[in-house]
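Peer 1: Following this message is one structure expressed as C-alpha cells.
The values are calculated or read from the model by the stated rules, or taken from the named source; none is laboratory data. Only a predicted model underlies this, so the values are computations on that prediction, with no experimental measurement involved. Here Cβ is always computed from backbone atoms with ideal geometry, including for glycine, and neighbour counts include all displayed protein chains. Heads up: the accessible areas ignore ligands, DNA and RNA and are worked out on the full protein's heavy atoms, side chains in. Shrake-Rupley method; radii C 1.70, N 1.55, O 1.52, S 1.80 Å.
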Amino acid sequence: MRVKGARVLAGVGSAHGFKVLMFNVLMFNKGVIWLFVVYGLIVLLEVFAFYITFINVSRVKLEIVRTVLCLAILAVTLVLVPYLSFLYLAINENIIGIIYHIIFVVVMAMFTHKNIQIIRLNIFYGVLAKVIFLLARYTVAAMVNFTFAIITIDNVIAFHPFVTLSYSTVIVAICYLISKYTGKFLQARLVQFDDVLKRKFASYLLVGASITCVMLVVATFLYYIVAEATLFAVYAILLSLQFGFLIGAIFSFTDNFKKAEELRHKDEMLANLKTYTSAIENMSTDVRKFRHDHINLLVGMKGYIDVDDMDGVREYFYKYMPVFKKETATLDSRLDILANIKTMGIKSIISSKLLYAIQLGTEVYIEVPEPIDDIDTNHIVDICRILGTLIDNAIEATLELETATIRFLSMRKDNKIFFIISNNCKKPPKLFEISQKGFTTKGEGRGTGLDTVATILEKNENLLLVTKINEDTFIQKLMVLLPKNEGDRHAENIYL
Amino acid sequence: MLKIFICEDNTEHLHNIQKHIDNYILIEDLDMEIAYVGTSPQQLLQYFDDCERKSEKVTGLYFLDIDLNCDIDGISLADKIRQHDPRGFIVFVTADAKSHLLTFEYKIEAMDYIVKGEDNFNVRIRECVKNAHSRYNSKIINALQTNFVFELSKGHTISIDTANILYFETSQDKPHNLNIYTKETKHQFRGSLKVIAKKLDKNFFRCHRSYIVNIKKITMFDSIVHQITLENGAVLDVSDKYIKELKNLMRA
C-alpha cells in the first residue's frame, strides 16, 4: 500500500490537477470549442492513469466489459457534463462539480473490487469523503469571500502580505480543526473495523481536507490578486495531493474490508480449534474409562485363574474382552492420526468437520502417514477455506446414502503437499458441469461453495485442485505446491 | 525379469503366500522369480543395496504386510522401496485395508491390496501375479507413449499421456486459458489452441473454434445436429467447415 499509494498520488493526482486547471481555463472561456477538445484529451489521459493505478492497487483483474463500461462512464461524465452545462444550461459550476464528483467516486469504487458489498462500502465512504472535502472547500471559500469583502469595504485596497498571511493562517487553522473533528466523529462511528484501520481512514481524510484548505487560500489569491504562474503551479500540486489523499481514504477501506474478513476467518479457526480440543479431552476421558474397564476385567479373570478354571477363563475372555469387540475402535482414536498435521489451523478445521461427519454416522477414514509441517503461513487461511468447503460438500453428498464413507488423506510427494478427500456418492455429477458458475446438486441458490473455492484458487498460483470422478466415488485433490529445489526441473507426473 | 519380494511377519502366512506364488509361476511358466521371502524389512532393503553395488536395476512385485512387528511398518517400507524401484508393483497384504486405502492409492501408488482372511485370498494373489506380469511386459512394449506437457504456474509442470486426453477447450471464464479434460480430471493452463494444435499428433482434431478433440475418444458423432459425444458424456459442437473433414477422419 505504501508504494502503491505513492503511485496513486503521482499518477492520478497530477493528471487530475492538470484537468482541473483546464477546467478553470474553460470556465473563463465558455464556448471555445478547441479548448474542449484539449480538455477532453486531458480527461482521457486522466482516465487512463486511473485505470492503470486502480488495476495496480486493487490487484483485481477486471472483466473487459466492466472496464470498458467504467471508462466510458468516466469519460462521458468528465467531458460531456461541463460541456453541456457551460454551453447550453448555464448551471452554477459548483453544482456541476458536486454532481460529477459524486459520479466519479461511484465509478471509481466500481474499479476497486469485484465484490458488490465492498463496492457498496467504497461508494459510501468515497462519497462521504468527497462531501467532506467539498464542504471544507465551500466553507473556506465563503470565509475567504467574507474576509475579502470586509477588506474591500474598509477600503484597505493594498493586500499587505502580513494581513493576508494571518487571515490565511486563521482560516487554515479553523479548517484543520473542522476536519480533525470530522475525522474523530467518523472514528467513533466506524465500529465494525479495528482501531488501526479507522485511524488510517481518518488520517487520510484529515490530511486531504487540510490540503483542500491550503489550496483554497491559494485559489483565492489567484482569483483576487493576480494570475501568477508560480501560484498556478502550487495550486496544481495541491490539487494533486488532495485528490491523492481522497483516493487513499477510499483504498484504506478496501484494505479494511479485506482485513476484517481475515479477522473473521481467524475467529472461525479459533472456534474450530476449540472443537478439536474438546474432542481430545473427550478422547482422554475415553481412554481413562477404557483402562478402568480393563483392570476390572483382568481382576475378573484372575478369579478364574486362581481356581484353575481354564474353560471359565476362555469363556470370560471372549465374552468380555473389549479388544475383540469392534465398537471400541471409537471415533476419537481415529482423530488421533491427525496429530501428524502440525499446522494448527488446518488440523482444527479438518478435525471439527470430520468429527461432525462421524457424529452423523458417516464412516470416516483418516490417513496421515507422515508429519505435515511446512505449509506456508500465507496459505493457511485459504487452505482452511478450501478444505472446509470440500469436506462440507463431501458430508452433504453422503448425507442420504445408506453407507456413507468419507476418506481423508494428507501426504507429501514431489514437492507437493496433498490433501485428498474422497466420498462415495449415488450419482456423481459430470466433471465438465462442476466448473460452471453456481453449479450445485443441492437446489436453487446454492453452489456458492465451489465458486468461492475457484476464486481462492485463482488468486493462489501455488494451490491446485484436481477433481476426479470414478463410478461411485468423488475425489478432490488439493495440492499445495512447495517452492522447488534447484536442479529439479524435469516435468513431473501429477497422478491421474 | 520381474522379481518377487514377500515381507510378512507371520511365518505361516509367509510360507502360504510363497507356496501359492511358486506354484502359479510353475504352472503358467511365467518369466518371474522369487528374490526375497522373509520377515525383516531391513533385509529386503539390503537387497537393493546389493543390486546397486552391482549396478543392476530391479523391477519387482512386492507383497508387503502393513504390521511388520518392527520399527518400520509396511507403508514406510513401501515408501523406501519406491525410492529404489519407482516402477515396481506393490501389493499390500493386510488384515485392515480399509483405513489405508487412499495412502495405498496416492502415496504408494500400490497396484492392489489383499485382505487377509478373505475367502478368495489365494485367487487374489494369483491375480496380482498375473496382473503384474502382463503390465510389466506391456510396459516394455509401450515405453514409447507420448506425453503432453504443460505449465501450470511458475516451475510446476504437468504431463499427461496423450492417449488419456479427451479434449481441449478454450476457457470461458479466463481469457487466454485452455481447459484440458481427461476422463477423470480437468486442468486449466495458459495457452492457445492454435499453438498446441501443432504440437499434437494426428489423433487430435480441431472441430470447432474453441475445441480440439481426441478422435479416439469420440463415442458418438451426429452429423445432422453437428455434435459429438465423448467418453465422459460431454457433448461438443462441430463447426460447419470442419464437419466434412471429421466425417472422413471418422470413417478412416
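Peer 1: Over all pairs of distinct alpha carbons, what does the Kirkwood formula give as the hydrodynamic radius of region B:10-86, in Å?
Peer 2: The answer is 13.6 Å.
Peer 1: Hey, got a sec? Which trypsin sites (Lys or Arg not before Pro) in region A:345-433 land in a DSSP loop and have at most 16 other Cβ atoms within 10 Å?
Peer 2: Of the trypsin sites (Lys or Arg not before Pro), the ones in loops of region A:345-433 whose Cβ has at most 16 other Cβ atoms within 10 Å are A:K426, A:K430.
Peer 1: Once a ≥ b ≥ c are taken as the square roots of the eigenvalues of the Cα gyration tensor of chain B, is the result rounded (a/c under 1.5), prolate (a/b larger than b/c) or oblate (a/b not larger than b/c)?
Peer 2: In terms of gyration-tensor shape, prolate.
Peer 1: What is the list of residues in region B:105-128 whose amide nitrogen lies under 18 Å from a point 7 angstrom out from the Cα of A:L401, following Cα to Cβ?
Peer 2: B:105-106
Peer 1: While we're looking at this one, here's another question. Label-point separation (nm) for A:K274 and A:K427, each offset 7 Å from Cα along Cα-to-Cβ?
Peer 2: 4.1
Peer 1: Could you sort the residues of region A:355-370 by number and keep only those whose accessible area is reduced by 20 Å² or more in the all-protein-chain setting relative to the chain alone, 1.4 Å probe?
Peer 2: Residues losing area: A:Y365, A:E367, A:P369, A:E370.
Peer 1: Ignoring everything but the protein chains, give the 1.4 Å probe accessible area of A:E261 in square angstrom, nearest 10.
Peer 2: 60
Peer 1: Using the Cα gyration tensor of region B:42-92, with a ≥ b ≥ c the square roots of its eigenvalues, what is the shape: rounded (a/c below 1.5), prolate (a/b larger than b/c) or oblate (neither)?
Peer 2: Oblate, because a/c is 1.5 or more while a/b does not exceed b/c.
Peer 1: Further, regarding this structure: Please average, across the residues of B:178-184, the number of beta carbons from any other chain that are within 10 Å of each residue's own beta carbon, and give a whole number.
Peer 2: Per residue, the number of nearby Cβ atoms from other chains is 3 on average.
Peer 1: What is the sum of charges, Lys and Arg at +1 and Asp and Glu at -1, for the other residues whose Cβ falls under 12 Å from the Cβ of A:D309?
Peer 2: With Lys, Arg at +1 and Asp, Glu at -1, the neighbours total -2.
Peer 1: Ignoring everything but the protein chains, give the 1.4 Å probe accessible area of B:L101 in square angstrom, nearest 10.
Peer 2: Spelled out: B:L101, probe radius 1.4 Å, area about 40 Å².
Peer 1: Same structure again: Of A:K427/B:K244; A:K347/B:K80; A:K477/B:K3; B:K107/B:K194; A:K426/B:K80, which pairs sit farther than 30 Å apart, going by alpha carbon to alpha carbon?
Peer 2: Beyond 30 Å between Cα atoms: A:K427/B:K244; A:K477/B:K3; B:K107/B:K194; A:K426/B:K80.
Peer 1: Hey, could you grab the Kirkwood Rh for region B:124-252? Inverse mean 1/r over distinct alpha carbon pairs, Å, one decimal.
Peer 2: Across region B:124-252, the inverse of the average 1/r is 16.3 Å.
Peer 1: Report the A-B buried area as the accessible area lost on both sides summed, probe 1.4 Å, in Å² to the nearest 100.
Peer 2: Using a 1.4 Å probe, the pair buries roughly 3100 Å².
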